[in-house]
Every structure is written in C-alpha cells, then in structure tokens.
1. Of the beta bridges DSSP finds with both residues in the range B:155-303, what % are antiparallel, to the nearest 5?
2. In whole angstrom, note down how far apart the Cα centers of the range B:12-56 and the range A:69-134 are.
3. Give the span of the range B:8-140's Cα atoms along each principal axis, as three whole-Å numbers ordered largest to smallest.
4. Counting only other chains, and only Cβ atoms inside 10 Å, what mean value do you get across the residues of B:117-123?
5. By DSSP, what percent of the beta bridges with both residues in the protein assembly as shown are antiparallel, rounded to the nearest 5?
6. Across peptide B:74-80, how many C-beta atoms of other chains are within 10 Å of each residue C-beta, on average?
7. Of the residues B:180, B:266, B:221, which exhibits the maximal mean-square fluctuation in a Gaussian network model of chain B defined by a 10 Å Cα contact cut-off?
8. To one decimal in nm, how far is residue B:310 from the same spot in the other copies, if labels go 7 Å from Cα toward Cβ? Please give the shortest first.
C-alpha cells in the first residue's frame with residue numbers, strides 16, 4: 001500500500017479521495033468498515049492501455065471506465081458499493097496533468113456512486129499503463145445475487161438496450177461510417193462510459209433467481225447462467241431491446257445482429273425469475289425487457305422472426 | 001472478476017486455489033467471510049517485470065514475492081491473513097509452463113500462510129507482466145496496529161536482521177563480487193523471498209504503540225512512525241542487528257552501512273513501545289533487538305560508535 005514518503009505528489013492528490021478506514025493513506029493497509037448482518041462483496045478488474053482503452057482518451061474517462069466496470073460487477077451481485085483500492089502502474093510519459101485529470105475523474109465517480117478510496121499502490125512501468133481497481137460493497141447476509149440459481153421455465157430479462165457497447169467500439173474504430181454521427185457518438189459514449197445498474201441490482205435481491213452483468217456478450221452471459229444450472233435458453237431476437245443507434249446500424253447492415261448478441265461491454269444486467277418479476281421493480285431508472293425463457297435443452301438458442309434458430313458465428317461466442 | 005468461459009485454461013488452474021466465498025470463481029464477485037468482533041484489513045501491492053523483478057526468476061519465486069510483500073503489510077497491522085485476490089496482466093510470451101509454475105508457487109505460499117484465492121482478473125498486455133495481489137485479513141476490533149501512536153521516550157525495536165534485502169539486490173547485480181558465495185546467496189534469497197512477520201505482528205497487538213514493515217529502508221520507515229507523532233528518533237548503528245552476510249560485506253566495504261540503513265526490501269517489522277516489550281514476546285520465531293529511542297527532536301538520527309551523528313546520503317532516504 002502507499003506509505004508515507006512514497007509518491008508524495010500522488011499521495012497529495014489521492015488523500016482527499018480517501019475515507020473511513022483509509023487512515024489518510026498513511027498506513028500499510030486499510031480497514032473495511034463492517035455493517036452488522038451484512039456481507040462484504042469484493043470484485044476486481046484490470047484495464048491495460050492498448051487492450052481495454054487506447055490511451056488517448058481523456059484521463060477522466062479512463063477513471064470512469066475503471067470504476068464503472070467494477071461497479072457493474074457489484075451491481076450483478078446485488079451489492080451497494082462502499083469503497084475501493086486502486087493500483088496504478090504508469091509509464092513516465094504520463095505527466096502531472098494526466099494524473100491530476102485522472103484523480104479529478106475518480107472524484108466525479110466517487111460522488112456519483114457514493115464511494116471512497118481505501119488505499120492502493122502506485123508503481124512505475126516500462127510498458128503501457130496498467131490500472132486495477134478492487135471494489136468493496138455490502139449486501140445483507142444471504143441476499144447476494146449469484147449466477148447460479150436459474151430454474152426451468154423462468155423468464156430471462158435484460159436491463160436497458162443491448163449491443164450498444166460492441167457497436168460503440170465499431171463506431172470508434174470507424175467501422176460504422178454510414179451511421180448518423182449523433183447516433184454514432186451515443187454508441188461510442190455507451191462503450192466508453194458504461195452505466196452500472198446498481199439500483200436494479202439492489203432491487204433484484206430476493207427477487208431474481210440468478211443474475212450477471214453483460215460483459216462477454218448477451219448470449220455468452222446467458223450461457224453462464226444456464227451452464228451453472230445445467231439448463232439452456234431460448235432468446236427471441238425480436239424481443240431484444242435496441243437503442244435507436246443500434247436499430248439504425250442494423251438497418252444499414254443487417255449482419256450487425258451478430259455483433260449485438262455476441263459482442264460485449266454493454267454492462268447491462270441479465271437475470272432470470274418469474275414472468276411477473278419486471279412488474280415488481282419500481283424506481284430502478286432503467287427499462288426491463290423479457291427476452292426469452294429457460295429451457296431443459298442445454299444450449300442457448302437465438303430464435304429469429306420466422307421461428308428458426310439463428311446461426312450465431314460471433315468469434316468469442318462459443319456456447320454449444 | 002474472472003467469469004465462466006473467460007480464460008478457461010487459467011480458471012482450471014486457479015479454481016483449485018479458491019476457497020470460501022469465491023464460488024469456484026464463477027461469479028462476478030466474491031464474498032468475504034466475516035468474523036464477529038473482527039475488522040477486515042485490506043492491503044494491495046503491484047509488482048512489474050523490469051521494475052520489481054527482472055522476469056527470469058522462477059515463476060514460483062515471483063508468486064512468493066507477490067504474496068509475501070502483501071503479507072508483510074498485513075503483519076505490520078497485526079493482522080491474521082485470510083485470502084487474496086489476484087490480477088495478472090501477462091504478455092503472450094508467458095507460456096503455459098510459466099502459468100502452471102506460477103500457480104504452483106501460489107499453492108505453496110497458500111499452504112505456508114493458510115490463505116486462499118477469493119477471485120481476480122486476468123488480462124493480456126502488450127507490455128511487461130504486471131501483477132497485483134490484494135490481501136485480506138482479520139484483526140479483533142480496535143486492535144489493528146498503526147503507524148501512528150509512537151510516544152516520547154519509547155524504545156525502537158526491529159525484528160530479524162537489517163539490510164539483507166538491499167545487499168541481496170546488490171549481490172544479485174554482481175556488485176558484491178568479493179563476498180563469500182554462500183553468504184551472497186543467502187542475501188539474494190532474503191531479497192527474493194522475504195519473510196513476512198505474521199506471528200510477530202499478531203503478538204504485538206495491544207503491546208506495540210506503533211509498527212511498520214521495513215520496505216523503504218530502516219531510517220525512512222522509522223521516519224514514517226516519528227513523523228506521524230511529531231517526534232524524532234535516535235538509532236545506534238552499533239545496535240542494528242546484522243546477518244553474517246551483512247557483517248562480511250561491511251568488513252569488505254565499510255561504506256555499505258549506507259545501504260544497510262537506507263536500502264529497503266527487508267520486510268522486517270520496526271515498532272515502538274516500553275523498554276521491556278521485547279521480553280513479553282515469546283514463540284514469535286524471530287529475534288527482536290532494541291536499536292534506539294524516540295526523541296522530542298524531530299529528525300531521525302543515526303549515532304556512530306564515537307557518539308557522533310552519521311551523515312546518511314542514501315538516495316531515497318530524504319528525512320531531515
């Protein structure tokens with residue numbers, strides 16, 4: 001952990017971000033506040049320049065993405081976020097201005113999600129920037145949402161719209177040149193700054209039988225739920241909720257449905273439960289759509305408008 | 001966190017290392033087991049190839065160092081280790097054999113320290129390997145050891161022998177060519193595989209007024225304790241405990257005392273308390289030595305055999 005005397009400049013920027021149990025980042029470790037009757041949920045994700053971001057994004061945006069992909073994992077577990085640790089390994093080309101902007105970005109996200117910095121480590125690297133955040137949250141004992149638990153005949157729901165993350169990446173790479181520029185910008189925004197569904201995750205405690213966030217791709221993440229239950233799923237293509245950007249992209253190139261169901265980085269939640277589950281969810285700030293059902297047949301099948309199974313060929317989607 | 005379907009090969013190696021609350025690494029997050037009346041202590045450190053290790057070490061040794069530098073932070077807080085998360089960003093040149101050996105190394109350390117894997121993340125990187133471990137431990141409520149708390153007139157103690165880490169690095173770099181080869185190997189071993197003083201840290205709960213692990217260098221780490229208390233320290237060079245390797249290196253080159261008091265990576269504990277504190281510590285598996293005292297004068301001073309203040313010039317040691 002950061003110690004007194006190390007990284008003076010960075011500590012001066014980080015200490016104001018710290019909170020309860022962080023001891024002003026002066027100690028060898030931090031102490032997690034405990035809430036009686038709650039469990040502490042831990043998740044961690046690393047992003048690397050040149051792999052998960054290209055490095056020329058505004059530093060505030062990189063800070064947002066780092067925290068939000070982790071917050072999405074907490075959301076999928078029905079967890080209220082509390083605090084985080086941060087490990088950054090930065091090349092010498094990242095100057096003061098970059099670091100100051102990155103910390104400003106952390107502060108913005110902290111205020112949005114009500115979290116604080118517990119501790120961390122800062123190192124140099126001869127390679128690309130490598131950033132790790134580890135997020136901590138509370139959930140009442142026994143109420144953590146799991147990927148396992150889906151039951152035969154249950155309905156599959158998703159939040160928000162699907163495919164925007166993967167289409168946003170394509171747009172950023174200039175591969176959706178014919179798309180309206182404003183719609184393209186919206187998709188790129190969805191890719192760059194995901195919206196973790198914290199409120200929905202909390203509302204799903206005790207209601208959903210299983211949940212995951214959509215980071216690998218819709219069908220792959222449904223496969224994670226069904227595999228653990230030894231079951232399968234039927235998903236109706238026509239029911240998958242699409243943004244205006246996704247609809248427009250699809251109108252231009254009808255083959256993009258493969259990207260929508262196979263691409264990742266949506267960070268919406270996919271979950272299962274009774275058919276009427278969606279009606280019990282109020283004030284969650286996002287639309288919920290039923291897109292299919294859990295089946296005994298152990299595969300994830302996408303059903304087209306004509307009732308036929310659509311042949312998914314997206315690389316990276318490998319569920320049988 | 002690792003999700004089902006991602007990194008199949010790595011998950012097969014890591015799942016056997018996982019324990020309570022890790023859900024076989026199948027979920028978006030892990031759940032920390034709580035112990036009534038205890039606080040959860042969190043620490044995290046990152047090591048980067050080319051910065052903290054050169055990369056050609058046996059993978060088992062890199063795994064050991066990664067966990068042990070973190071365990072040393074827990075020791076400094078008087079904490080019993082429980083589990084850890086692991087983030088690895090590896091270049092494609094790290095083959096199956098490397099990964100298998102690294103996991104075998106994790107397993108060895110898990111058995112030594114009674115810890116298990118709670119979760120993690122695995123990414124590729126176009127740069128050098130970047131490894132983060134975040135360690136979790138328990139301490140009875142209110143008994144966490146802190147860096148703050150040192151009082152005027154107290155005695156300064158250290159565990160083990162001092163300077164071996166920094167001398168080991170010099171030996172590894174071929175800078176101690178005249179030193180007996182067996183002694184040099186011992187010093188290199190101390191640098192490569194530090195010994196976290198877990199048992200000592202636990203024994204110091206409620207006994208030591210302040211503690212830190214020696215990672216920045218003896219005088220710098222004493223400075224961390226005294227700065228927080230607005231006090232200073234006098235350390236007697238003649239009282240600093242040295243290994244036979246350090247004594248032999250010093251006999252060959254008397255200037256190496258600068259490395260001994262200024263170098264880091266010893267991972268011994270430095271702590272303060274009543275003069276008789278050492279006598280109350282039993283079965284801790286390491287020698288304890290009183291090396292100085294806490295003073296009102298706010299600087300850390302090293303006193304030579306003639307009673308004069310020795311002029312410390314080690315780069316990186318910057319306490320006034």
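Rule-based calculations on the coordinates, nothing more; no lab input. Values in this document were obtained by computation on a predicted structure and should not be read as measured data. In this analysis, Cβ positions are derived from the backbone assuming ideal geometry, glycine residues included, and neighbour counts consider all displayed protein chains.
1. The answer is about 80 percent antiparallel.
2. Here the answer is 18 Å between Cα centres.
3. 46, 31, 23
4. Averaged over the peptide's residues, the number is 5.
5. Numbers: 82 of 110 bridges.
Within the protein assembly as shown, antiparallel bridges account for around 75 percent of the total.
6. Values: counts 2, 2, 5, 7, 1, 3, 0.
Mean partner-chain Cβ count within 10 Å for B:74-80: 3.
7. Between B:180, B:266, B:221, it is B:180 that shows the largest mean-square fluctuation.
8. Relative to the other copies, residue B:310 has label-point distances of 7.4 nm.
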